[in-house]
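Written out below as structure tokens is the structure these notes cover.
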């Protein structure tokens, strides 16, 4: 087995509400192997973005990390001082945010922003820094890098801005990129461009990636392994083909069946999951999914199912779906 | 499908958003510029039919919804509803995208749902109105005890159910749904789509369903119109549109959305970026991104061609697009 690049164990994040701690992430464990794309999928409120933010210590108070370990290449990120953490952010770990409108500084040219990021982390000196910045503008597919270098974010379209955000995340040669809903704010045709770009850059640089999204279509095309989150807990982690063909957790299957997708015979399937995901602090005892689950039994209502590893996948369910073993 | 007198006819409808002219421009009587958000759209909706409109942002689909609902007047063209024997136009209601901003947070659910009933005088007396509100709440999958609550006590999916109940309270013959599930999560979206489908079936509503999601529109609509930069580029039955699209944009749009097939992981981006709708390209508006574009596309706007199946498309060529279109994987990006 390869040593994972990023290893997250029992990550717990709580939020303080009226002096009472409420669990937002409950002992989330997963790992990202070198060169791998780990998809993180779930509905809003499942804790996908909190997981991403917790890894690079960008949680917004009152959210607070209260337990667990995070190690990158063997270094414990959770024990770093804020100053040391600044060198990790943007240096060892790049971050692509959802909204390209707000994640760039509107009053600084994109060339300057790229140069700043490169200079801070790589310390190459003026000319080399600028050369790299121009190189990155070209690599993410913007024409006339010299012209783009002097432009401000508002002069670019949404898709072009997201390309710059990607360049910013990758320009310091990080070993891991966390992409939080990188294409959600974009149109379908632009989304495919950005995904293609991320895939090309991933192949060139062999950077590991954590791709956070709610779109199962994006997961199917981009991820090598997938972690499904539900109400702040990991429901299932599986290789992507297995997840779609043979999901173990009932929630995973529910999510796949609820996504309107044309089936092979031209019809469209649409099975809903009853109810809604419990909000913060309203997680039922036992398995968080039990009120919506058709397979729930008495043990599901009282005991939280642990994450059980079985061959290449792991799931937290007492009554997993049977595999169609060929 | 029913095909008597059409329920709603859009006849060469255009809408231009003008900017305010400066004093000097007005004195000099300079040409009034503007963005043509909807350009020469003709569409017929029959009774009991659901017509879907798809397109990317800026294609004019929401503007068209506002024109149909009468919230805005078209710059050119006519929108004609069939009048009932008494000479009245049919009642119309709208369901909006964002269930957080489309419900008044200071009103109880009862107030919200009762308002259309009171405005249209559909029930008389407090007890009758309250009974109708309860009935509607049950119809959309909520409970009558929810009537005393306020919108912020509900989740996004439940709020959208309230929006639907409010729309149904006006007993509309025609319903406009503008991205009703775009703000919702998948599992909740499936609930709302199933609810809407049941209501369509049971109430025999005629509706216009606007979305950017092709899979959603395929489930919901009988016929689908595809819009690009203000123009209706193709219109066909849902079946026909997905099986045998006639316009290259439709084909590329279908391929661009990633599906859940993990064996074929290729992506299908559409070359280039959406041009600025204020300055659409000359000739065919799609020619800057079209893999089939030839010289004629750059100069002449394609005519409106009818298909034998009753649809229409705007393309110079009669292409066979029933298969996936192979585009070069890394197409050049054009500056906006």
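So here's what we get for this one:
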| quantity | calculated |
| --- | --- |
| Scan of region A:138-153 for residues that are part of a helix (DSSP H, G or I) and touching a helix residue (DSSP H, G or I) at 6+ places or on another chain (Cβ under 9 Å), ordered by number | A:138, A:139, A:145, A:146, A:148, A:149, A:153 |
| Only one of B:165, B:169, B:190, B:147 that is free of Cβ contacts under 8 Å to residues at least 40 places away in the same chain and more than 14 Å from every other protein chain (Cβ to nearest Cβ) | B:147 |
| Scan of region A:66-88 for residues that are surrounded by 19 or more Cβ atoms within 10 Å (Cβ to Cβ) and outside any helix (DSSP H, G or I), ordered by number | A:70, A:72 |
| Matching residues in region A:185-196 - criterion: being over 13 Å from residue A:221 (Cα atoms), buried (at least 22 other Cβ atoms within 10 Å of the Cβ) and within 18 Å of the chain's Cα centre (by Cα) | A:186 |
| Among the residues listed as A:288, A:276, A:296, the single one being modelled with pLDDT of 85 or more, within 14 Å of chain B (Cβ to nearest Cβ), surrounded by 12 or more Cβ atoms within 10 Å (Cβ to Cβ) and not in a helix (DSSP H, G or I) | A:288 |
| Residue identified as farther than 30 Å from residue A:224 by Cβ, facing another protein chain (nearest Cβ under 9 Å) and either crowded, with 23+ Cβ neighbours inside 10 Å or over 15 Å from the mean Cα position of the chain (by Cα) (or both) among B:265, B:243 | B:243 |
| Flag for residue B:239 being farther than 19 Å from residue B:64 by Cα and in contact (Cβ under 8 Å) with a residue 40 or more places away in the chain | no |
| Which listed residue, of B:147, B:165, is part of a helix (DSSP H, G or I), more than 17 Å from the chain's Cα centre (by Cα) and under 19 Å from residue B:50 (Cα atoms) | B:165 |
| Conditions (1) buried (at least 18 other Cβ atoms within 10 Å of the Cβ); (2) within 14 Å of another protein chain (Cβ to nearest Cβ); (3) more than 21 Å from the chain's Cα centre (by Cα); number of the one not met by residue B:297 | (2) |
| Single match in B:113, B:129 (criterion: at negative phi and either surrounded by fewer than 20 Cβ atoms within 10 Å (Cβ to Cβ) or out of contact with any helix residue (DSSP H, G or I) (no Cβ under 8 Å at 6 or more places or on another chain) (or both)) | B:129 |
| Residue match in region A:77-89 (condition: closer than 29 Å to residue A:190 by Cβ and within 14 Å of chain B (Cβ to nearest Cβ)) | no |
| Any hit, region A:92-109, residues being in contact with a helix residue (DSSP H, G or I) (Cβ under 9 Å, 6 or more places away or on another chain) and part of a helix (DSSP H, G or I) | no |
| All positions within region B:112-125 that are free of Cβ contacts under 8 Å to residues at least 12 places away in the same chain and part of a helix (DSSP H, G or I) | B:118 |
| Count of region A:47-69 residues which are within 11 Å of the chain's Cα centre (by Cα) and within 9 Å of residue A:25 (Cβ to Cβ) | 3 |
| Total residues in region B:176-187, condition more than 7 Å from every other protein chain (Cβ to nearest Cβ) and outside any loop (DSSP other than H, G, I, E, B) | 3 |
| Test: residue A:112 is in contact with a helix residue (DSSP H, G or I) (Cβ under 9 Å, 6 or more places away or on another chain), crowded, with 18+ Cβ neighbours inside 10 Å and either without any contact (Cβ under 8 Å) to a residue 12 or more places away in the chain or not in a loop (DSSP other than H, G, I, E, B) (or both) | no |
| Sole residue being buried (at least 23 other Cβ atoms within 10 Å of the Cβ), away from chain B (no Cβ under 12 Å), within 25 Å of the chain's Cα centre (by Cα) and within 16 Å of residue A:94 (Cβ to Cβ), chosen from A:140, A:165 | A:165 |
| Residue among A:44, A:29 that is at pLDDT below 90, under 17 Å from the mean Cα position of the chain (by Cα) and either within 14 Å of another protein chain (Cβ to nearest Cβ) or part of a strand (DSSP E or B) (or both) | A:44 |
| Pick from region B:201-217, criterion within 14 Å of another protein chain (Cβ to nearest Cβ) and touching a residue at least 60 places away in the same chain (Cβ under 8 Å), ranking: nearest to residue B:55 (Cα to Cα) | B:212 |
| Test for residue B:317: is it more than 14 Å from chain A (Cβ to nearest Cβ) and at pLDDT 90 or above | no |
| Selection count where residues are surrounded by 18 or more Cβ atoms within 10 Å (Cβ to Cβ), in contact with a helix residue (DSSP H, G or I) (Cβ under 8 Å, 6 or more places away or on another chain) and part of a loop (DSSP other than H, G, I, E, B), scope region B:34-90 | 3 |
| Per-region count, region A:4-26, residues under 16 Å from the mean Cα position of the chain (by Cα) and without any contact (Cβ under 8 Å) to a residue 24 or more places away in the chain | 0 |
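This table checks each residue for (1) part of a helix (DSSP H, G or I); (2) under 22 Å from residue B:204 (Cα atoms); (3) in contact (Cβ under 8 Å) with a residue 12 or more places away in the chain.
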site: B:99; (1), (2), (3): no, no, yes
site: B:105; (1), (2), (3): no, no, yes
site: B:110; (1), (2), (3): yes, no, yes
site: B:127; (1), (2), (3): yes, no, no
site: B:133; (1), (2), (3): yes, yes, yes
site: B:137; (1), (2), (3): yes, yes, yes
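The values are calculated or read from the model by the stated rules, or taken from the named source; none is laboratory data. Remember, predicted model here, so these are calculated numbers, not experimental data. Because the Cβ atoms are built from the backbone with ideal geometry, glycine has one as well, and the counts that use them run over all protein chains shown.
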